[in-house]
Amino acid sequence: MMEQTAITCEDIVDKTVMPSNSPVQDALELISHLVGAMELTPLVAVHCIDDGRTVRFWNDSCGLLYGINGASALGKPLSGLFTFDDQDGHDAVLEQVWTSGQPSVATDWRVRTGDGRELWVYSMMFPVRHGDAVRQVFCMDVDVTARKQLELQLQLSSQVFEYSRDAIVLMNPQRRIVAVNRAFAQVTGYTEQQMLGEDFISAQTGFDDPVLCHQMWRQVDQDGHWQGEVASRRADGDPFPGWLALTAIRDAQGKAANYMGILSDISDRKKSEEQTRHMAEHDFLTDLPNRVLFLDRLSLALMAARRHQSMLAILYIDLDHFKQVNDTLGHHAGDALLKEVALRLVRCVRSADTVSRYGGDEFLVLLADVGGSDQAAHVAGSILQALAQPCTVDGHVLPIAASIGISMYPTDGGNIDDLIARADAAMYHAKNSGRNSFQFFNPHMHAQASERAGLEQRLRTALDAGEFTLHYLPEIDVRSGRPVVMEALLRWRDPARGVQAPEQFLAAAEAAGLMPAITQWVLRAACGAAQRWRAAGQEWVVAVNVSAVQFAQLPHVVEQALAATGLPAEGLELELTEELLMKCPDAQAVLQALHGQGVRLAIDDFGTGYSRLGLLKDYPVGKLKIDRSFTGAQDDAVISATIAVARSLQMQVAAEGVETTAQLELLRQHGCDLYQGLLAEQHIKGSKLAQLLR
């Protein structure tokens, strides 16, 4: 091996100038042994150069590392075998070793070999002295290419982690956060200190859908990955749409050693998608839903109507004499008129309904879940009245009129094409009948609508004419037999038809916009009666049923009624249905305001609506009224359960529709507080109390 490399101790230092058995001689012999060892080492590439930078020693590991055998390397200049990326830096270090006689600091160098390979070596240089002069320098190189590549990968990963615009989270096997990047704070508002050690899902990230959370982690455990849209929330409570990608990072055994989550804020993308969708589904001129969106909503409304066995109506509206506006004033005037018509149409319908510009000067209105043809007729009348107001365009006062055709589901058809075609046919019938009117496809419905219009007209004069009155239905205490509450029931003495019950006229009154005035009258009349009872020595509570109309203004209306009559707030009880509370978004605030006034609150017809216990718990309700349909002996379990629920919530229970002593005895056994119905009316019939009520 030493012959292959053509180097001996004498090549390193000239022994003839050395005295025998001198310390230098001993050192040279030691070096000779070291050279032999270096020749055989498989881990360290060792080569030696003289002061002319010529290779004097080249072990086998050098040959393997640089791809050059010893015979090809010896006697050659080192620069001809391989080069350093930082050649100047390497030359400077080598020169420092030659001049100082001191070993170099171990350094990483990037090397390019003669065959084009790129390596990283961990290298040290050791000088060999002869007297005061350095004769040769040994270079010991270790291949650290794999380590440098790993370091580079780690550095790149770290840079990707830190500088990514998406929020990145690293979790341990227990799914607790061990690291977050800077973008996480920018996206969510949570700092790294707030998140470390927290469970990723529950740590205030806003993922409040437990079903989705369970599904995504199950997929990550099964497939190693999940991604999808999530509803997230920032630290300040601001919600934002996010796109979350979860990945399991597995160890050599296939177990999840870590998890990585990447959360992107897709608010801009969602806005862009929404804008694109809006443009595709809305008319460019009026911004109303176009034909495509209208047909889609009509399809959904039809499915809902079939499922719930409800009704819907389509109003086909065509402007009368619109062509004359375009012909005389130009299309810009026609466009301005169409925009104004669109605004007026939207004001005439509910938020659940759809107004669409179907094309040209034609508009379609979808009335979803209508109560009947009379409601559709009322909307059509409101539209004609709204359009009758003149419109000013470019200084010209333009009259607006329209012909409206109405078709009803299911009477006039069961599919989209039939309903639209028949509404269109009815619209042409309205045009042929003199324009500026509406017609139903079904003549019988038209007759009913005309009758409803007459009913609405009579109702408008009923309040001023003093035709409304109140009838009082007592609630009797089951234990004592004493009347406690008097429920006020509205009646209308219609000159044309006699006394009318609420179900015969309230829908028409609501459609005509009369309910706010009627509600105010009922509250004042009932509170006034209760105050008169008190003056006569009977401190009965008066109960008034509440409708959804003007519900938000109810605290103010109640305050006015109490102030006008002098009745204490605890003398008034308001009865509300579960459906009203579920549909009114401000129900809790309204009830809290009424409760703060001291007014009593009761839920009427309990058991026929939603019957949600959470509803009872959340609202300041003091009484449940069991609907009359549940007061039979066969409803023993329902009655018992309702009373138990009321007792747990510290509420009173009143039963409606009690007609027999057997029903009363059943209620007494279950601990019911109050009863109401024919038996209660008979209880006070003919007494002085009944006279007081009259």
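The values are calculated or read from the model by the stated rules, or taken from the named source; none is laboratory data. Please read all numbers here as calculations on a predicted model, not as lab measurements. Heads up, the Cβs are rebuilt from the backbone with ideal geometry, glycines too, and the neighbour counts pull from every protein chain shown. For the accessible areas, the whole protein counts, side chains as well, though only heavy atoms, and no ligand, DNA or RNA atoms are used. Shrake-Rupley method; radii C 1.70, N 1.55, O 1.52, S 1.80 Å.
For this structure, a couple of remarks:
- Pairs linking a residue in segment 164-191 that is touching a residue at least 24 places away in the same chain (Cβ under 8 Å) and over 17 Å from Gly242 (Cα atoms) to a residue that is of a type outside the set (Phe, Trp, Tyr) and outside any strand (DSSP E or B), with Cβ atoms under 6 Å and 6 or more positions apart or on different chains, are Arg176/Gly197; Ile177/Met195; Ile177/Leu196; Ile177/Glu198; Val178/Asn172.
- Taken over segment 157-181, the criterion of being open to solvent by less than 80 Å² (accessible area, probe 1.4 Å), in contact with a helix residue (DSSP H, G or I) (Cβ under 8 Å, 6 or more places away or on another chain), over 21 Å from Met216 (Cα atoms) and modelled with pLDDT under 85 is satisfied by Glu162, Ser164.
- Flag if Phe184 is in contact with a strand residue (DSSP E or B) (Cβ under 8 Å, 6 or more places away or on another chain), on the phi < 0 side of the Ramachandran plot and open to solvent by less than 50 Å² (accessible area, probe 1.4 Å): yes
- Applying the criterion of being touching a residue at least 40 places away in the same chain (Cβ under 8 Å), touching a helix residue (DSSP H, G or I) at 6+ places or on another chain (Cβ under 7 Å) and not β-branched (Val, Ile, Thr) to the residues of segment 260-288, the residue that is nearest to Trp217 (Cα to Cα) is Leu263.
- Just one of the numbered conditions (1) modelled with pLDDT of 70 or more; (2) in a loop (DSSP other than H, G, I, E, B) is not true of Ser20: (1).
- Qualifying positions in segment 654-685 - in contact with a Gly (Cβ under 8 Å, 6 or more places away or on another chain) and β-branched (Val, Ile, Thr): Val658
Okay, residues lined up against (1) outside any loop (DSSP other than H, G, I, E, B); (2) open to solvent by 40 Å² or more (accessible area, probe 1.4 Å); (3) at pLDDT below 90; (4) closer than 19 Å to Leu384 by Cα:
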| position | (1), (2), (3), (4) |
| --- | --- |
| Ala333 | yes, no, yes, no |
| Leu337 | yes, no, no, yes |
| Arg344 | yes, no, no, yes |
| Val349 | no, no, no, yes |
| Tyr358 | yes, no, no, yes |
| Phe363 | yes, no, no, yes |
| Leu366 | yes, no, no, yes |
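- Looking across Thr608, Thr631, one residue alone is open to solvent by 40 Å² or more (accessible area, probe 1.4 Å), under 45 Å from the mean Cα position of the chain (by Cα), farther than 17 Å from Val544 by Cα and modelled with pLDDT under 85. It is Thr608.
- Within the option set Ser382, Ser299, Ser351, being without any contact (Cβ under 8 Å) to a residue 60 or more places away in the chain, within 24 Å of Glu274 (Cα to Cα) and polar (S, T, N, Q) holds for one residue only, Ser351.
- Tally, over segment 101-119, of residues that are open to solvent by less than 60 Å² (accessible area, probe 1.4 Å) and touching a residue at least 24 places away in the same chain (Cβ under 8 Å): 6
Residue-wise test of (1) of a type outside the set (S, T, N, Q); (2) at pLDDT below 90; (3) over 24 Å from Glu340 (Cα atoms).
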| position | (1), (2), (3) |
| --- | --- |
| Gly254 | yes, yes, yes |
| His278 | yes, yes, no |
| Val292 | yes, no, no |
| Leu295 | yes, no, no |
| Leu302 | yes, no, yes |
| Asp318 | yes, no, no |
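- If you go through segment 583-594 and keep only what is under 24 Å from Leu489 (Cβ atoms) and either touching a Lys or Arg at 6+ places or on another chain (Cβ under 7 Å) or part of a helix (DSSP H, G or I) (or both), you end up with Lys583, Ala587, Val590, Leu591, Leu594.
- Condition met for Gln457 (farther than 30 Å from Ser687 by Cα, polar (S, T, N, Q) and part of a helix (DSSP H, G or I)): yes
- Within segment 665-684, residues that are aliphatic (A, V, I, L, M) sit with their Cβ atoms under 6 Å from residues that are open to solvent by 50 Å² or more (accessible area, probe 1.4 Å), at 6+ positions apart or across chains, in these pairs: Leu678/Glu659; Leu679/Glu659.
- Taking segment 432-442 as the range and being open to solvent by 60 Å² or more (accessible area, probe 1.4 Å) and either under 24 Å from Gln309 (Cβ atoms) or not in a helix (DSSP H, G or I) (or both) as the test, the residues that pass are Ser433, Arg435, Asn436, Phe441.
- Listed conditions (1) farther than 18 Å from Arg482 by Cα; (2) at pLDDT 80 or above are all met by Gln676, apart from (1).
- Number of residues in segment 302-331 that are of a type in the set (A, V, I, L, M), within 21 Å of Arg350 (Cβ to Cβ), in contact (Cβ under 8 Å) with a residue 12 or more places away in the chain and open to solvent by 20 Å² or more (accessible area, probe 1.4 Å): the value is 2.
- The residues in segment 511-529 that are in a loop (DSSP other than H, G, I, E, B) and surrounded by 14 or more Cβ atoms within 10 Å (Cβ to Cβ) can be counted, and the count is 2.
- Annotation: of all residues in segment 483-510 being of a type in the set (Lys, Arg) and in a strand (DSSP E or B), the one that is least open to solvent (accessible area, probe 1.4 Å) is Arg491.
Condition check ((1) in contact (Cβ under 8 Å) with a residue 40 or more places away in the chain; (2) open to solvent by less than 30 Å² (accessible area, probe 1.4 Å)) across all residues:
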| residue | (1), (2) |
| --- | --- |
| Gly466 | no, no |
| Val478 | yes, yes |
| Gly481 | yes, yes |
| Gln531 | yes, no |
| Trp540 | yes, yes |
| Ala543 | yes, yes |
| Val549 | no, no |
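- The lone exception for Gln96 - which of (1) at pLDDT 90 or above; (2) among the polar types (S, T, N, Q); (3) surrounded by 19 or more Cβ atoms within 10 Å (Cβ to Cβ) it fails: (3)
- Residue match in segment 272-288 (condition: among the hydrophobic types (A, V, I, L, M, F, W, C), under 30 Å from Val230 (Cβ atoms) and under 28 Å from the mean Cα position of the chain (by Cα)): yes
- Any hit, segment 385-407, residues being under 30 Å from Asp327 (Cβ atoms), part of a helix (DSSP H, G or I) and touching a residue at least 12 places away in the same chain (Cβ under 8 Å): yes
- Test for Val478: is it among the β-branched types (Val, Ile, Thr), at pLDDT 90 or above and touching a Cys at 6+ places or on another chain (Cβ under 9 Å): yes
- Considering only residues in segment 408-431 that are surrounded by 23 or more Cβ atoms within 10 Å (Cβ to Cβ) and either without any contact (Cβ under 8 Å) to a residue 60 or more places away in the chain or not in a strand (DSSP E or B) (or both), the one that is nearest to the chain's Cα centre (by Cα) turns out to be Leu419.
- Ala252, sole failed condition from (1) open to solvent by 50 Å² or more (accessible area, probe 1.4 Å); (2) within 18 Å of Val187 (Cβ to Cβ); (3) among the small types (Gly, Ala, Ser): (2)
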